Amino acid sequence: MTGNSGNTENTAGTEHDGGQGPRHKRDLTRRKVVVAGAGAAVAVGAGGALAAGAFAGEKSGNKPKAAASASAGEACYKLTSETTEGPYYIDADKLRQDITEDKEGIPLTLALKVIDSETCKPLANAAVDVWHCDALGIYSGYESLSTGGGGGAPTDAPSGTPTDVPTGTPTGTPTGEPPSGGGGGGGHEEPTDDERYLRGTWKTDRQGRVTFKTVFPGWYRGRTVHIHTKVHVNGEWTDAGYEGGNTCHTGQFFFDEESVLASAEVEPYSTSTTERTTLTEDTIYDQSGVQGGLLKLKYDKKNIAKGVVGSITMGVEPDATHEGTDDAVQPGASTTASAEASASAS
């Protein structure tokens, strides 16, 4: 999983549409998380109680929901879709549950559960990474490369009913270097600054659960609203952090259109000048619902600003290795689009 930020992998990878294709091999590379000072373990606060019973795809009692037709030996959960890692992953140096720091935005409690997709048993002591952009589409560690935009009157904020067909060239005014195209993944980029907001790693409990406190993500050119995640297993938690093991899942979480449109009415999201990619237009989300990473959301439909709880159960293969750095470009993608994808954020 993890290690100091200077040890991040530089393996080049391009994007494809949430394809799977597991590689059944063990990753024996040593990885390590360094605890970033006192107070790294931050309690999730008020959202934790609400999140406790909110996991998607479960019956009451927090037991996995098995398919009615499932027979002995048949998987009771489908594997959660593997996706690209994207260029802005930092091999985590923040062991914490509250990853908000001082970022403004709608409070989001992210309630996750990790299970073995074949046995449905929870995976305890797994290390889970999450990272995402802020309310205006900016990634910590990569502020000069991010393609979000904000300030002034919202000229391209979402409104009305989203269409299913992308329209033309974005007309917003993104900041930083302006990659365009499909919002591809590309190879890993080295961090350009020391900021680490909206990034963190924490371990699952005996029931395979882990909760993070953060803010509702914004959007940037070429991608729908999303959160990145990695799950690392078979390693060991030590005084220094998490060592060894393999990355069994690299994925992304997604938000339905209703929630994103609601968020766009709230500051600072409403100040965005960047054209938004809808869920159906996104080149990474595979349109498969929960299996593809679509979160189950709970919030006050009349006032989303009060906060959101997003939950999901991830079915993974503990012995597989999915680093998310070697995904192929989608079939049919043009050479130009592929070149643009290699430079843009995922």
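The values are calculated or read from the model by the stated rules, or taken from the named source; none is laboratory data. Computed from a predicted structure; not experimentally measured. Here the Cβ is made from the backbone with ideal geometry for all residues, glycine too, and neighbour counts use every protein chain on show. Ligands, DNA and RNA are excluded from the accessible area calculation, which covers all protein heavy atoms including side chains. Shrake-Rupley method; radii C 1.70, N 1.55, O 1.52, S 1.80 Å.
Here is the size of segment 244-328 from its Cα atoms: Rg then Dmax, 15.8, 46 Å.
Residue-wise HN-Hα couplings along segment 304-311, as the Karplus relation 6.51 cos²θ - 1.76 cosθ + 1.60 with θ = phi - 60° gives them from phi, are 5, 4, 5, x, 10, 10, x, 9 Hz; Gly and Pro carry x.
For H249, the amide hydrogen comes within under 5 Å of the amide hydrogens of V231, H322, counting only partners 5 or more places away or on other chains and with H modelled in the peptide plane.
The accessible-area ordering, largest first, of the residues S272, S288 stands as S288, S272, per a 1.4 angstrom probe. Residue by residue, segment 269-282 carries 3J(HN,Hα) couplings of 4, 5, 8, 5, 10, 9, 4, 9, 8, 7, 4, 6, 8, 5 Hz when phi is fed to the Karplus relation 6.51 cos²θ - 1.76 cosθ + 1.60 (θ = phi - 60°); x denotes Gly or Pro.
Given R₀ = 25 Å, FRET efficiency for D194-W237 by Cβ-Cβ distance, to 0.05? In this case the efficiency is close to 0.45.
Estimated at the nearest 10 Å², the accessible area of D256 is 50 Å² with a 1.4 Å probe. Computing FRET efficiency as 1/(1 + (r/R0)^6) for V266 and S288, where r is the C-beta to C-beta distance and R0 is 41 Å, gives about 0.90.
For segment 185-226, place one equal point scatterer on every Cα, skip the solvent, and apply the Debye formula. What is log10 of I(q)/I(0) at q = 0.16, 0.18, 0.20, 0.24 Å⁻¹? Evaluating at q = 0.16, 0.18, 0.20, 0.24 Å⁻¹ gives log10 I(q)/I(0) of -0.73, -0.88, -1.00, -1.10.
Extension gain, E257 to E143, is 38.4 nm, computed as 0.36 nm per intervening residue step minus the present C-alpha separation. Residue order by solvent-accessible surface for V266, V215 is V266, V215, largest first, with ligands and nucleic acids left out and a 1.4 Å probe.
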